[in-house]
Amino acid sequence: MNRKERTEQKMQELFLSHAAGDEGTDGEFMQILQGYIFGDVCYTGSLDNRMRELVTVTVLTTLSALPQIKAHVQASLNAGCTPVEIREAVYQCASFIGFPKTLNAIGAMNEVFAGNGIELPLPSQKTLAGENDEERYQKGLKIQEPLYGTEIADRYTWLPGEFAQAVPRFLTELCFGDFQTRAGLDGKTRELLTVVLLAALGGAEVQLKKPCGRSAEGWQQLGRKWSALWSTPADIWAFPVCSTR
(Lines give C-alpha, C1' and ligand atoms only; values in the text may rest on other atoms or scores of the structure.)
Protein backbone atom coordinates (compact mmCIF):
# COMPACT_ATOMS: atom_id res chain seq x y z
CA MET A 1 0.00 0.00 0.00
CA ASN A 2 1.10 3.55 -0.60
CA ARG A 3 0.89 6.25 2.07
CA LYS A 4 -2.55 7.44 1.04
CA GLU A 5 -3.92 3.90 1.13
CA ARG A 6 -2.36 3.26 4.53
CA THR A 7 -3.93 6.42 5.91
CA GLU A 8 -7.36 5.46 4.61
CA GLN A 9 -7.06 1.94 6.00
CA LYS A 10 -6.04 3.13 9.48
CA MET A 11 -8.77 5.79 9.60
CA GLN A 12 -11.32 3.11 8.78
CA GLU A 13 -9.93 0.77 11.43
CA LEU A 14 -9.80 3.33 14.23
CA PHE A 15 -12.52 5.87 13.45
CA LEU A 16 -14.75 4.04 10.96
CA SER A 17 -14.44 7.03 8.65
CA HIS A 18 -12.63 8.09 5.51
CA ALA A 19 -9.36 9.98 5.55
CA ALA A 20 -9.58 13.75 5.14
CA GLY A 21 -10.08 15.24 1.71
CA ASP A 22 -10.43 18.89 0.69
CA GLU A 23 -13.67 19.40 2.59
CA GLY A 24 -13.98 21.74 5.57
CA THR A 25 -12.04 24.85 6.50
CA ASP A 26 -8.68 23.13 6.97
CA GLY A 27 -8.70 20.04 4.80
CA GLU A 28 -5.09 20.48 3.76
CA PHE A 29 -3.91 20.58 7.38
CA MET A 30 -5.93 17.48 8.25
CA GLN A 31 -4.38 15.64 5.31
CA ILE A 32 -0.91 16.46 6.65
CA LEU A 33 -1.89 15.42 10.18
CA GLN A 34 -3.57 12.18 9.19
CA GLY A 35 -0.91 11.24 6.66
CA TYR A 36 1.82 11.55 9.27
CA ILE A 37 0.03 9.97 12.22
CA PHE A 38 -2.06 7.31 10.51
CA GLY A 39 -0.09 6.77 7.31
CA ASP A 40 3.44 6.81 8.76
CA VAL A 41 3.62 6.46 12.55
CA CYS A 42 0.90 3.84 12.93
CA TYR A 43 2.76 1.54 10.56
CA THR A 44 6.09 1.89 12.40
CA GLY A 45 7.11 -0.47 15.19
CA SER A 46 5.51 -3.53 16.74
CA LEU A 47 2.49 -2.10 18.62
CA ASP A 48 -0.93 -3.25 17.49
CA ASN A 49 -3.91 -0.89 17.23
CA ARG A 50 -5.16 -1.77 20.71
CA MET A 51 -1.90 -1.01 22.52
CA ARG A 52 -1.17 2.02 20.36
CA GLU A 53 -4.54 3.51 21.32
CA LEU A 54 -3.88 2.95 25.04
CA VAL A 55 -0.58 4.76 24.53
CA THR A 56 -2.39 7.57 22.73
CA VAL A 57 -5.06 7.95 25.42
CA THR A 58 -2.28 8.14 28.03
CA VAL A 59 -0.40 10.83 26.11
CA LEU A 60 -3.55 12.89 25.52
CA THR A 61 -4.53 12.61 29.18
CA THR A 62 -1.08 13.85 30.15
CA LEU A 63 -1.52 16.81 27.77
CA SER A 64 -5.11 17.52 28.88
CA ALA A 65 -6.20 17.38 25.23
CA LEU A 66 -9.88 16.75 26.01
CA PRO A 67 -11.40 16.82 22.49
CA GLN A 68 -8.73 14.41 21.27
CA ILE A 69 -9.22 12.20 24.33
CA LYS A 70 -12.85 11.74 23.31
CA ALA A 71 -11.86 10.85 19.75
CA HIS A 72 -9.29 8.30 20.87
CA VAL A 73 -11.40 6.75 23.60
CA GLN A 74 -13.80 5.95 20.77
CA ALA A 75 -10.90 4.72 18.63
CA SER A 76 -9.73 2.57 21.54
CA LEU A 77 -13.13 0.92 21.72
CA ASN A 78 -13.08 0.41 17.95
CA ALA A 79 -9.62 -1.15 18.24
CA GLY A 80 -10.84 -3.71 20.76
CA CYS A 81 -9.85 -2.16 24.09
CA THR A 82 -12.28 -2.82 26.90
CA PRO A 83 -13.80 0.12 28.80
CA VAL A 84 -12.01 -1.11 31.93
CA GLU A 85 -8.62 -1.07 30.17
CA ILE A 86 -9.19 2.47 28.95
CA ARG A 87 -10.34 3.62 32.37
CA GLU A 88 -7.32 2.09 34.09
CA ALA A 89 -4.95 3.76 31.61
CA VAL A 90 -6.52 7.12 32.50
CA TYR A 91 -6.76 6.49 36.25
CA GLN A 92 -3.09 5.69 36.70
CA CYS A 93 -2.07 9.04 35.22
CA ALA A 94 -3.26 10.74 38.42
CA SER A 95 -0.05 9.97 40.33
CA PHE A 96 1.95 11.98 37.82
CA ILE A 97 -0.28 14.70 36.37
CA GLY A 98 -2.49 15.30 39.42
CA PHE A 99 -6.11 14.67 40.20
CA PRO A 100 -7.69 17.75 38.50
CA LYS A 101 -6.33 16.90 35.03
CA THR A 102 -7.21 13.26 35.51
CA LEU A 103 -10.75 14.14 36.55
CA ASN A 104 -11.15 16.19 33.37
CA ALA A 105 -9.97 13.22 31.30
CA ILE A 106 -12.34 10.90 33.18
CA GLY A 107 -15.23 13.22 32.36
CA ALA A 108 -14.37 13.19 28.65
CA MET A 109 -13.92 9.41 28.71
CA ASN A 110 -17.25 8.81 30.42
CA GLU A 111 -19.04 10.95 27.84
CA VAL A 112 -17.84 8.56 25.15
CA PHE A 113 -18.76 5.52 27.21
CA ALA A 114 -22.26 6.86 27.79
CA GLY A 115 -22.63 7.63 24.08
CA ASN A 116 -21.83 4.00 23.33
CA GLY A 117 -24.42 2.73 25.78
CA ILE A 118 -21.78 1.46 28.22
CA GLU A 119 -23.23 1.18 31.70
CA LEU A 120 -21.53 3.30 34.34
CA PRO A 121 -19.98 2.91 36.79
CA LEU A 122 -17.76 0.20 35.34
CA PRO A 123 -17.01 -2.88 37.44
CA SER A 124 -14.67 -2.23 40.35
CA GLN A 125 -11.03 -3.18 39.84
CA LYS A 126 -9.73 -2.45 43.32
CA THR A 127 -8.04 -5.35 45.08
CA LEU A 128 -7.31 -3.68 48.43
CA ALA A 129 -9.57 -4.84 51.22
CA GLY A 130 -9.19 -1.60 53.19
CA GLU A 131 -9.00 -3.47 56.45
CA ASN A 132 -6.05 -1.56 57.89
CA ASP A 133 -3.98 1.55 57.22
CA GLU A 134 -0.84 -0.43 56.40
CA GLU A 135 -2.35 -2.40 53.53
CA ARG A 136 -1.73 0.25 50.86
CA TYR A 137 1.91 0.59 51.84
CA GLN A 138 2.67 -3.11 52.27
CA LYS A 139 1.04 -4.21 49.02
CA GLY A 140 2.48 -1.25 47.15
CA LEU A 141 5.95 -2.04 48.47
CA LYS A 142 5.55 -5.64 47.35
CA ILE A 143 5.20 -4.42 43.77
CA GLN A 144 7.78 -1.65 44.04
CA GLU A 145 10.74 -3.38 45.67
CA PRO A 146 11.42 -6.13 43.09
CA LEU A 147 11.58 -3.49 40.37
CA TYR A 148 13.27 -0.55 42.09
CA GLY A 149 14.73 -1.73 45.36
CA THR A 150 15.29 1.13 47.80
CA GLU A 151 15.84 3.77 45.13
CA ILE A 152 12.74 5.78 46.04
CA ALA A 153 13.49 5.91 49.76
CA ASP A 154 17.19 6.62 49.15
CA ARG A 155 16.38 9.49 46.82
CA TYR A 156 14.59 11.52 49.49
CA THR A 157 16.92 11.08 52.47
CA TRP A 158 17.97 14.73 52.13
CA LEU A 159 14.51 16.04 53.02
CA PRO A 160 14.16 17.59 56.49
CA GLY A 161 12.63 15.81 59.45
CA GLU A 162 9.58 13.64 58.90
CA PHE A 163 9.43 14.47 55.17
CA ALA A 164 12.38 12.13 54.46
CA GLN A 165 10.12 9.20 55.30
CA ALA A 166 6.72 10.69 54.46
CA VAL A 167 7.41 11.54 50.79
CA PRO A 168 8.69 8.11 49.69
CA ARG A 169 5.90 6.49 51.70
CA PHE A 170 3.31 8.64 49.91
CA LEU A 171 4.79 7.57 46.56
CA THR A 172 4.70 3.90 47.50
CA GLU A 173 1.14 4.12 48.78
CA LEU A 174 -0.30 6.19 45.93
CA CYS A 175 1.59 5.03 42.83
CA PHE A 176 1.91 1.39 43.77
CA GLY A 177 -0.62 0.77 46.53
CA ASP A 178 -3.61 2.65 45.14
CA PHE A 179 -3.08 2.18 41.40
CA GLN A 180 -0.63 -0.63 40.62
CA THR A 181 -2.56 -3.11 42.75
CA ARG A 182 -5.69 -2.59 40.66
CA ALA A 183 -6.87 -5.18 38.19
CA GLY A 184 -7.83 -4.31 34.60
CA LEU A 185 -4.30 -3.95 33.18
CA ASP A 186 -1.33 -6.24 33.67
CA GLY A 187 1.92 -4.97 35.14
CA LYS A 188 3.75 -4.90 31.82
CA THR A 189 1.12 -2.71 30.21
CA ARG A 190 1.00 -0.38 33.20
CA GLU A 191 4.76 0.04 33.08
CA LEU A 192 4.78 0.73 29.34
CA LEU A 193 2.08 3.37 29.74
CA THR A 194 4.02 4.95 32.61
CA VAL A 195 7.15 5.24 30.47
CA VAL A 196 5.02 6.88 27.77
CA LEU A 197 3.45 9.23 30.31
CA LEU A 198 6.84 10.35 31.65
CA ALA A 199 8.13 10.99 28.13
CA ALA A 200 5.05 13.05 27.29
CA LEU A 201 5.15 14.93 30.58
CA GLY A 202 8.58 16.41 29.92
CA GLY A 203 11.18 17.21 32.54
CA ALA A 204 11.13 13.63 33.86
CA GLU A 205 14.36 12.45 32.27
CA VAL A 206 15.71 11.15 35.59
CA GLN A 207 12.66 8.96 36.10
CA LEU A 208 12.99 7.63 32.55
CA LYS A 209 16.68 6.79 32.94
CA LYS A 210 16.88 5.46 36.49
CA PRO A 211 14.67 3.14 38.54
CA CYS A 212 13.38 5.72 41.01
CA GLY A 213 9.62 5.48 40.94
CA ARG A 214 8.92 4.49 37.33
CA SER A 215 11.47 3.85 34.61
CA ALA A 216 12.34 2.31 31.30
CA GLU A 217 14.76 0.04 33.19
CA GLY A 218 11.99 -1.16 35.47
CA TRP A 219 9.77 -1.73 32.45
CA GLN A 220 12.45 -3.90 30.89
CA GLN A 221 12.73 -5.90 34.11
CA LEU A 222 9.04 -6.77 33.75
CA GLY A 223 9.84 -8.60 30.53
CA ARG A 224 8.75 -6.27 27.75
CA LYS A 225 10.72 -6.41 24.52
CA TRP A 226 12.74 -3.31 23.69
CA SER A 227 11.22 -3.31 20.21
CA ALA A 228 7.86 -2.41 21.74
CA LEU A 229 9.41 0.32 23.87
CA TRP A 230 11.01 1.88 20.82
CA SER A 231 7.64 1.86 19.09
CA THR A 232 6.24 4.42 21.53
CA PRO A 233 8.41 7.56 20.97
CA ALA A 234 7.07 8.02 17.45
CA ASP A 235 3.55 7.80 18.84
CA ILE A 236 4.34 10.45 21.44
CA TRP A 237 5.84 12.77 18.86
CA ALA A 238 2.82 12.34 16.63
CA PHE A 239 0.70 14.30 19.08
CA PRO A 240 0.98 17.83 20.51
CA VAL A 241 3.77 16.84 22.90
CA CYS A 242 6.16 17.55 20.02
CA SER A 243 5.55 21.24 20.59
CA THR A 244 7.18 21.00 24.03
CA ARG A 245 10.45 19.60 22.75
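The values are calculated or read from the model by the stated rules, or taken from the named source; none is laboratory data. What you are looking at is a predicted structure, and each value in this text was computed from that prediction instead of being measured. FYI the Cβ positions are ideal-geometry reconstructions off the backbone, even for glycines, and counts take in every protein chain you see. All accessible areas refer to the heavy atoms of the entire protein, side chains included, with ligands and DNA or RNA removed. Shrake-Rupley method; radii C 1.70, N 1.55, O 1.52, S 1.80 Å.
Quick notes on this structure:
- Of the residues making up region 5-31, those that are part of a helix (DSSP H, G or I) and more than 22 Å from SER76 (Cα to Cα) are GLY27, GLU28, PHE29.
- Test for GLY117: is it modelled with pLDDT of 95 or more, assigned to a loop (DSSP other than H, G, I, E, B) and either open to solvent by less than 90 Å² (accessible area, probe 1.4 Å) or touching a His at 6+ places or on another chain (Cβ under 8 Å) (or both): yes
- Check on GLN68, more than 21 Å from MET1 (Cα to Cα), polar (S, T, N, Q) and open to solvent by 70 Å² or more (accessible area, probe 1.4 Å): yes
- Residues in region 120-164 that are part of a helix (DSSP H, G or I) and among the aliphatic types (A, V, I, L, M) were compared, and the one that is farthest from THR194 (Cα to Cα) is ALA164.
- If only residues of region 23-41 that are at pLDDT below 95 and more than 25 Å from the chain's Cα centre (by Cα) are counted, the one that is most open to solvent (accessible area, probe 1.4 Å) is GLU23.
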